[in-house]
Amino acid sequence: MSPRRGKDPPDAASKPTPERESGQLSFDSRLPGQPPPTGNPLAETPGPSRVGSPVEESQNTHIFAVSELVRAARLTLESRFSDLRVEGEVSGLKRSANGHLYFTLKDAEAQLDCVMYARDAGRLRFRLQDGQQVRCRGRLTIYEARGRFQLSVHAIEPTGAGALALAFEQLKQKLAAEGLFDPERKRPLPFLPRRLGVVTSAQGAVIRDIVRVAHRRFPVPILLAPTPVQGEGAAVAIAAALAEIVKVPDVDVVIVARGGGSLEDLWAFNDEALARAIAACPVPVISAVGHETDFTIADFVADLRAPTPSAAAELAVPVAADLLAELQLLGRRLGRALHAETRALRLRLERVRAALGDPRRLIDLRRQGLDDFVERGARALYAATARRRADLRSVEARLFRSHPQRRIADQRSALTAAERRLVASGTALLAHRRRSLEALAGKLDALSPLKVLDRGYSLARGPDGQVLRSCAGLHQGDDVTVTLRDGDLRTRIEAIIARRSS
């Protein structure tokens, strides 16, 4: 492996070579510092042998590493095919996360791998799709990491229709599908704007034409938001100017204008961001871009399209003389209508006066009728008041009779009398019950066994605790309990003496 690599001569791509003139592809396998071959370098250089082979190498034999060989081929391709234009059909389009485009360019007999890096893909004016016939400009190279032969594309344009026309149609279809062109979302222009906003270049004839036409028709105030209308970044500047001008409170309508030009000159008004800014504008927008035959995306999104900037001023501002003439006509119509209405009312008044006679006599009759009505009302009021007063006295008497305080007093008196009767009855009943109790207690006391015991009698119980009434069932030796007045005696039967009946 060579310790250093040489550089291709800077004019290698510009100097004609027999291989380039004949259209054949060849590359020089010489390393820097090697003498040029006298014939075909591939024919004079034997094929590379494996590293470490025992085969003895000649003095002119060079062993290539894979990376060195691929790099030499890449440098040769890039130097001899540095600016190519290749036409074919796009196939297998892929977009990486970092914005690179990978696709295959093919025709009926062959295909070529292509790559377009993000810095170049961002400048495309249309959306690349599979199946499109395109013309690519770039250089041939080899991706060394995989040894893949590919075309590094710098620019792409469609064949047939131009790139701008294709981009225009693609964006038009996209925004139409989103409903930005629907007539339902178009807003009517104000009858007479308080202030007219204009977004265009401060130089040029456009703003002068708009001011001239607008002031000739009606001297409304005009506010200009100057912005570039052509070139790189013009679309962003127009959208920013539109956003700024609508912040002025009395701007009722905005004209976005530019003079005529080619499709490239008008391309700033075919920008998607500008189209969405026009659609989101809070006031109506008139698009006046180019001539009558020129159409841009801004024309379709705007609330109204004017064929020219001067026509936009005519659409936005009415003619003062026409307004004055119409106002005078309306004034005359109003005067005639008022005169006719006054005459009709006067005739009606005359008819009423003829039907009713002198108004003063009518007023006197009304006054007399009012006096009679007042008198009748007073009498009726007095009678009604007397009836109400009698009813009030009757209700008051009934209320006094049924007053709670009086009823409580009556109930309290009745309760006191009932209480006295209850106490007397209870006392008499208690005395009667006490006398009956004393009589019963005397009888009970006379019949009490204790009284019998007090007279010297005793009570005998057998072994089973039952009172003995007879000697039957007793035997000698049985224990008998004898109860006296002041205690019991435990006795044992020693002998049973039966009493003879008489």
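The values are calculated or read from the model by the stated rules, or taken from the named source; none is laboratory data. Bear in mind that the values here come from a model prediction, so they are computed numbers and not experimental data. All Cβ positions, glycine included, derive from the backbone under ideal geometry; neighbour counts span all protein chains shown.
Only a single criterion out of (1) outside the structural domain of Gly88 (by TED's automatic domain parsing); (2) touching a helix residue (DSSP H, G or I) at 6+ places or on another chain (Cβ under 7 Å); (3) among the hydrophobic types (A, V, I, L, M, F, W, C); (4) farther than 19 Å from Val289 by Cβ is not satisfied by Ile142, namely (1). In this structure, Ile255 qualifies as touching a residue at least 60 places away in the same chain (Cβ under 8 Å) and within 18 Å of Gln203 (Cα to Cα). Among the candidates Val283, Val317, Val246, Val251, the residue that is crowded, with 23+ Cβ neighbours inside 10 Å and closer than 28 Å to Arg216 by Cα is uniquely Val317. Against the test of being of a type in the set (Lys, Arg), closer than 28 Å to Val285 by Cβ and loosely packed, with under 12 Cβ neighbours inside 10 Å, the options Arg146, Arg125, Arg185, Arg194 yield a single qualifying residue, Arg185. Within the option set Leu323, Leu274, Leu330, Leu338, being outside the structural domain of Gly204 (by TED's automatic domain parsing), in contact (Cβ under 8 Å) with a residue 24 or more places away in the chain, assigned to a helix (DSSP H, G or I) and not β-branched (Val, Ile, Thr) holds for one residue only, Leu323.
From the residues in the range 111-148 that are of a type outside the set (A, V, I, L, M) and touching a residue at least 60 places away in the same chain (Cβ under 8 Å), which one is nearest to Asn98 (Cα to Cα)? For the range 111-148, the residue satisfying everything is Arg125.
Picking from residues in the range 202-219 that are in contact with a helix residue (DSSP H, G or I) (Cβ under 7 Å, 6 or more places away or on another chain) and within 21 Å of Ala243 (Cα to Cα), the one that is surrounded by the most Cβ atoms within 10 Å (Cβ to Cβ) is Ile210.
Restricting attention to the range 465-488, the residues being surrounded by 10 or more Cβ atoms within 10 Å (Cβ to Cβ) and either in contact (Cβ under 8 Å) with a residue 12 or more places away in the chain or of a type in the set (D, E, K, R) (or both) number 12. Taken over the range 461-502, the criterion of being part of a loop (DSSP other than H, G, I, E, B) and in contact with a Leu (Cβ under 9 Å, 6 or more places away or on another chain) is satisfied by Gly462, Pro463, Leu468, Leu474, Arg485, Asp486, Ile493, Ile496.
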